[in-house]
Ligand SMILES: [Zn+2]
């Protein structure tokens with residue numbers, strides 16, 4: 001059965017126009033005015049609404065053993081929450097620890113999603129060490145359709161790799177047309193600053209920031225980009241949080257490095273003062289890098305509009321307040337890191353970006369969908385509306401007004417970092433390859449219908 005969406009205002013990264021979209025066999029097959037369709041076609045009137053390409057969240061954690069516990073979402077709740085928020089494709093961080101076999105980890109992570117996910121997905125492959133065996137195993141993983149690596153410069157002894165390994169891993173990435181994504185903080189400095197603060201009795205969540213100040217991130221960013229410059233590999237800085245790091249990226253780009261910048265929705269909407277909330281409430285706002293001073297937000301909005309910040313992700317990593325965040329009540333270094341937002345990213349970006357005039361509609365689509373598709377080898381199958389593209393579509397009602405609350409969200413988490421916040425607009429109808437996943441704001445998706453999307457290497 002085909003699907004016909006009539007009279008919506010189609011918005012891509014570069015265009016805005018009113019037209020009808022006809023989808024058949026999972027793809028967009030016609031775009032035009034006054035389209036007609038066979039009698040068994042499902043017809044949706046999108047008059048007065050926007051039609052966006054399905055949104056892509058390029059930085060998500062779902063299966064995540066971390067800091068002695070596990071993140072709360074699985075693909076049942078996580079893919080539903082993604083779709084309710086308009087995200088039709090997510091890129092999960094596949095994070096093996098140092099002593100884990102890479103192929104076994106790859107199979108384990110895939111088993112958590114296959115047959116369960118309601119949305120499409122793919123992975124950034126974590127590289128916690130690099131030797132001949134890792135090279136062979138990573139080759140197989142690339143051949144299976146994964147074309148990005150994730151490196152940690154932070155989390156010393158758990159995920160991070162030596163300078164020698166990083167160099168050789170990036171040479172390999174360059175050779176295979178794989179982009180290197182990295183969490184950039186100086187691991188040794190973080191560890192020493194944590195020890196110092198705890199020894200001084202500074203144990204509350206408000207001290208998390210001080211263990212990872214902007215210069216610690218800027219130094220990690222500069223280091224990673226230096227390795228990218230030395231090897232010629234393309235570099236993608238995940239969750240860049242401050243102006244100091246952004247300056248390092250600009251410097252590297254001047255030097256010819258192919259460098260891309262991701263920020264996450266919490267950095268655009270909440271700031272370090274939230275981690276200072278009393279009664280341990282601040283723990284809800286602990287992530288790494290930490291929330292920064294509010295003055296960074298204007299720079300980020302401008303960066304998105306001007307195009308030198310490329311993507312807006314979430315770094316969705318859901319840990320309950322009760323029982324999980326609480327593990328760090330007497331020691332902020334034991335608070336599991338993460339501000340869950342996979343469900344709210346698009347609505348927050350629209351409400352605080354588009355509706356408040358900080359970014360225009362095309363930029364909104366670009367940074368929440370198109371850029372991620374282009375950088376990670378999904379474009380134009382994903383990330384835009386054109387003939388032959390997957391029929392992943394979001395009909396967005398800009399006039400809807402709602403309130404974010406833990407009581408109504410689909411994420412499997414006992415709090416919302418944005419509790420009570422008013423939002424403008426919502427994804428009213430969402431399709432995954434031509435099939436309805438959200439209808440009039442209600443989830444109607446099919447678990448197990450999501451597919452791992454194969455990505456080809458890109459030579460940047
Ligand atoms: Zn992350």
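The values are calculated or read from the model by the stated rules, or taken from the named source; none is laboratory data. Fair warning: this is a prediction, and the values are worked out from it, not measured in the lab. Counting neighbours? That spans all protein chains shown, and the Cβs are built from the backbone with ideal geometry, glycine included.
When 300, 280, 308 are checked against the criterion of being at positive phi and more than 16 Å from the ligand (Cβ to nearest atom), 280 stands alone in meeting it. Screening 216, 257, 249, 238 for residues that are closer than 27 Å to residue 164 by Cβ, within 16 Å of the ligand (Cβ to nearest atom) and touching a residue at least 12 places away in the same chain (Cβ under 8 Å) leaves exactly one candidate, 238. Note on region 84-114: among residues that are at pLDDT below 95 and over 30 Å from residue 347 (Cα atoms), the one that is surrounded by the fewest Cβ atoms within 10 Å (Cβ to Cβ) is 99. Would you call residue 377 under 22 Å from residue 453 (Cβ atoms) and buried (at least 21 other Cβ atoms within 10 Å of the Cβ)? Judged against the criteria, residue 377 is a match. The requirement of being more than 16 Å from the ligand (Cβ to nearest atom), touching a strand residue (DSSP E or B) at 6+ places or on another chain (Cβ under 6 Å) and more than 25 Å from residue 103 (Cβ to Cβ) is not satisfied by residue 233. Given the criteria within 16 Å of the ligand (Cβ to nearest atom) and without any contact (Cβ under 8 Å) to a residue 40 or more places away in the chain, does residue 70 qualify? Spelling it out, residue 70 is indeed within 16 Å of the ligand (Cβ to nearest atom) and without any contact (Cβ under 8 Å) to a residue 40 or more places away in the chain.
Within region 388-418, the set of residues being in contact with a strand residue (DSSP E or B) (Cβ under 9 Å, 6 or more places away or on another chain), exposed (fewer than 15 other Cβ atoms within 10 Å of the Cβ) and within 18 Å of residue 284 (Cβ to Cβ) comprises 403, 408. Close contacts from region 296-315, counting a first residue that is more than 15 Å from residue 360 (Cα to Cα) and a second that is more than 16 Å from the ligand (Cβ to nearest atom) and not in a helix (DSSP H, G or I), with Cβ to Cβ under 8 Å and a gap of 6+ residues or different chains, come to 296/242; 296/271; 297/271.
The requirement of being buried (at least 21 other Cβ atoms within 10 Å of the Cβ), within 16 Å of the ligand (Cβ to nearest atom) and part of a loop (DSSP other than H, G, I, E, B) is satisfied by residue 128. Determine whether region 25-32 contains at least one residue that is within 16 Å of the ligand (Cβ to nearest atom) and either over 19 Å from residue 343 (Cα atoms) or assigned by TED's automatic domain parsing to the domain that holds residue 325 (or both). There is no residue in region 25-32 that is within 16 Å of the ligand (Cβ to nearest atom) and either over 19 Å from residue 343 (Cα atoms) or assigned by TED's automatic domain parsing to the domain that holds residue 325 (or both).
Of the residues 192, 165, 175, the single one that is away from the ligand (no atom under 16 Å from the Cβ), part of a helix (DSSP H, G or I) and touching a residue at least 12 places away in the same chain (Cβ under 8 Å) is 165. Only one entry of 227, 280, 215, 321 meets the criterion of being within 29 Å of residue 76 (Cα to Cα) and either crowded, with 18+ Cβ neighbours inside 10 Å or modelled with pLDDT of 95 or more (or both), and that entry is 321. Do we find that residue 76 is more than 16 Å from the ligand (Cβ to nearest atom), assigned to a strand (DSSP E or B) and either modelled with pLDDT of 95 or more or under 19 Å from residue 428 (Cβ atoms) (or both) in this structure? Taking the combined requirement at face value, the residue does not satisfy it.
Residues in region 79-97 that are closer than 15 Å to residue 340 by Cβ, more than 14 Å from the ligand (Cβ to nearest atom) and either out of contact with any helix residue (DSSP H, G or I) (no Cβ under 6 Å at 6 or more places or on another chain) or in a helix (DSSP H, G or I) (or both): 6 in all. Could you please let me know if residue 317 is under 30 Å from residue 205 (Cα atoms) and within 16 Å of the ligand (Cβ to nearest atom)? In short, yes. Residues that are away from the ligand (no atom under 16 Å from the Cβ) and out of contact with any helix residue (DSSP H, G or I) (no Cβ under 7 Å at 6 or more places or on another chain) within region 106-125 comprise 107, 108, 110, 111, 114, 115, 120, listed in sequence order.
Each residue in region 195-210 was checked for being touching a helix residue (DSSP H, G or I) at 6+ places or on another chain (Cβ under 8 Å) and either in a helix (DSSP H, G or I) or surrounded by fewer than 20 Cβ atoms within 10 Å (Cβ to Cβ) (or both), and 10 of them qualify.
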